[in-house]
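Read-outs throughout are calculated quantities, based only on the coordinates presented, and are distinct from any laboratory measurement. Computed from a prediction, not measured in an experiment: that's the story for all the values here. Every residue, glycine as well, gets a Cβ built from its backbone with ideal geometry; the counts of neighbours run over all protein chains shown.
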Amino acid sequence: MLSLESKTSDRWLGQVDSHLDEILIDHAHCEKKAAGTAMNLLFAYVDSVELCREMTEIVEEELAHFHLVIDLLARRGIRFRRLKPSTYGRRLNDLVRRQEPERAVDRLLVAGLIEARSCERFDLLRKHMRRVVDGREVDRELADFYESLFESEARHHATYVRLAKGFASDDAVQARLAELAEAEAAVIAEGDPLPRMHS
């Protein structure tokens, strides 16, 4: 179950329709950044064998997804390039507390919320690209592609939340998750003028 406090608005689907190429390029960057987040956590918390094992698997999976998106871009003749990121990730990471073990809890929960929002948006994309216009699906390839990624994002979200409970009590983690989810919903509601996966 995702821990989000809000649903994506139609505003974002408007960005998808108007700037699909940029959304797809940003998706590739997001997979790369997700692998980097997991690697950073692996280095930061080497005393937790469970965390190290889980982060290794997430790094491998996120990099595999990165390759899949790069391949998708190539098939569509879209050049992978540097993009200015949305402010979403930075604003969430600004909420991370500075002292341990609270810092570990927050880093894991923020990573988990980003995965949850990605999961929600992959589901939206899947449905949006499956809608029928003029008697045919808008983009079956993209619909199938995002359906294939949906489950792993949900699993990553659950993994991050579970690992946070290795640094604080279940009640403390759930309370902090609720606080961060509310903040995440506010960031998403404000949106970003740049068409991005988390705009």
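Would you mind counting up the charge near Ile70? Only other residues with Cβ under 12 Å from its Cβ, with Lys and Arg at +1 and Asp and Glu at -1. Don't skip to the end; give the middle numbers.
On the way: positive: Lys32, Arg75, Arg76, Arg79, Arg81; negative: Glu31, Asp71.
Counting the neighbours of Ile70, the net charge comes to +3.
In whole angstrom, how far apart do the alpha carbon centroids of the stretch 1-39 and the stretch 128-164 sit?
Cα centroid to Cα centroid, the span is 11 Å.
Restricting to Cα pairs below 8 Å that are 6+ residues apart, what does the relative contact order work out to for the stretch 93-199? Please round to a whole percent. Walk me through the numbers before you get to the answer.
On the way: 102 pairs, mean separation 34.7, N = 107.
Dividing the mean separation by the residue count of the stretch 93-199 yields 32 percent.
Using a 7 Å offset from Cα along Cα-Cβ at His19, what residues in the stretch 87-120 end up with backbone N under 16 Å from the label point?
87-89
About its Cα centre, what dipole magnitude does the stretch 92-158 give when the only charges are +1 on Lys and Arg Cβ and -1 on Asp and Glu Cβ, stated in debye to the nearest 20?
On the way: 13 positive and 15 negative charges, 28 e Å.
Roughly 140 debye, rounded to the nearest 20.
How big is D for the chain, in µm² s⁻¹ as a whole number, if Stokes-Einstein is applied with the Kirkwood radius of its Cα pairs at 10 °C and 1.306 mPa s? Please report the intermediate quantities before stating the final value.
On the way: Rh = 17.3 Å.
Calculated translational D: 92 µm²/s.
Using only alpha carbon pairs under 8 Å that are at least six residues apart, calculate the relative contact order of the chain and give it in whole percent.
Values: 219 pairs, mean separation 65.3, N = 199.
Computed value for the chain: 33 percent relative contact order.
To the nearest Å, what is the center-to-center distance of the stretch 52-74 and the stretch 95-115, using C-alpha atoms only?
With the stretch 52-74 and the stretch 95-115 each reduced to a Cα centre, they are spaced 22 Å.
Could you rank the peptides 44-54, 12-22 by their average count of other C-beta atoms within 10 Å per residue, with the highest value first? Kindly include the intermediate steps, with their values, before the conclusion.
Values: 44-54: 14.3, 12-22: 15.8.
Averaged packing, sorted descending, gives the order 12-22, 44-54.
Quick one: if the Förster radius is 30 Å, what FRET efficiency do Ser6 and Arg103 give, using the C-beta to C-beta distance and rounding to 0.05? Intermediate results must be reported in sequence, preceding the final value.
Values: r = 25 Å, r/R0 = 0.85.
For R0 = 30 Å, the calculated efficiency reads 0.75.
Taking 1 over the mean of 1/r across every pair of different Cα atoms in the stretch 1-108, what Kirkwood radius in Å do you get?
Evaluated on the stretch 1-108, it is 16.0 Å.
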